[in-house]
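Before any comments, here is the structure.
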Amino acid sequence: MAKKLSSKDLVPIGEMARRTGLSVSAIRFYEDKGLVEPVRTGGNQRRFLRSDIRRLSFILIAQQLGLTLGEIDEVMRGLPHGRTPNARDWRAISAKIRDRIDSRIRELERTRDRLDGCIGCGCLSLEKCAIYNPDDRLGEKGPGPRQVLED
């Protein structure tokens with residue numbers, strides 16, 4: 001049997017904005033993407049479950065980690081609807097994105113380490129660089145900062 005929600009369980013969109021630091025329009029955007037699902041009152045006003053504060057916070061964190069909205073949606077499908085996610089639910093989400101986070105850390109470390117050497121010599125030209133790009137070999141592979149961003 002589903003628990004009947006009381007007004008204490010539901011939060012208006014303005015309060016969600018205040019609690020999460022998001023704008024009302026951002027919360028509506030995430031709603032449009034299906035990442036949060038408000039309850040509608042008899043007057044058709046949005047009310048969110050208190051647990052949606054955690055969901056929106058997770059979205060913000062995941063975006064800062066470089067996850068796309070599609071990836072966030074995929075992992076959030078594992079969260080329960082109609083009840084507050086518990087520690088086990090969040091551990092499952094964490095396990096799903098751990099490899100992505102570890103990959104991002106390796107990418108950032110590689111970029112940091114290569115960026116110092118690439119810009120540090122002073123030539124500022126991968127076309128002329130005899131150390132990292134002799135005979136402009138990277139130009140043959142295509143556009144972009146390939147030496148810095150690729151494995």
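Sort out which residues of the range 38-67 are closer than 15 Å to residue 93 by Cα, in a loop (DSSP other than H, G, I, E, B) and open to solvent by 30 Å² or more (accessible area, probe 1.4 Å), and write them in order of number.
65
For the range 8-36, enumerate the residues that are under 21 Å from residue 71 (Cα atoms), in a helix (DSSP H, G or I) and of a type outside the set (Gly, Ala, Ser).
20, 27, 28, 29, 30, 31, 32
Which members of the range 105-134 meet the condition of being of a type outside the set (Asp, Glu) and at pLDDT 85 or above? Full working, then the answer.
First, pick out the residues of the range 105-134 that are of a type outside the set (Asp, Glu): 105-106, 108, 110-112, 114-115, 117-126, 128-134.
Passing the criteria: 105, 106, 108.
Restricting to the range 96-110, and then to whatever is loosely packed, with under 14 Cβ neighbours inside 10 Å and more than 19 Å from residue 63 (Cβ to Cβ), can you tell me which residue is farthest from the chain's Cα centre (by Cα)?
109
The values are calculated or read from the model by the stated rules, or taken from the named source; none is laboratory data. None of these values were measured; they are calculated from a predicted model. Neighbour counts run over all protein chains shown; Cβ positions are idealised from the backbone, glycine included. Each accessible area value is taken on the protein alone, full model and side chains, heavy atoms only, with ligands, DNA and RNA left out. Shrake-Rupley method; radii C 1.70, N 1.55, O 1.52, S 1.80 Å.
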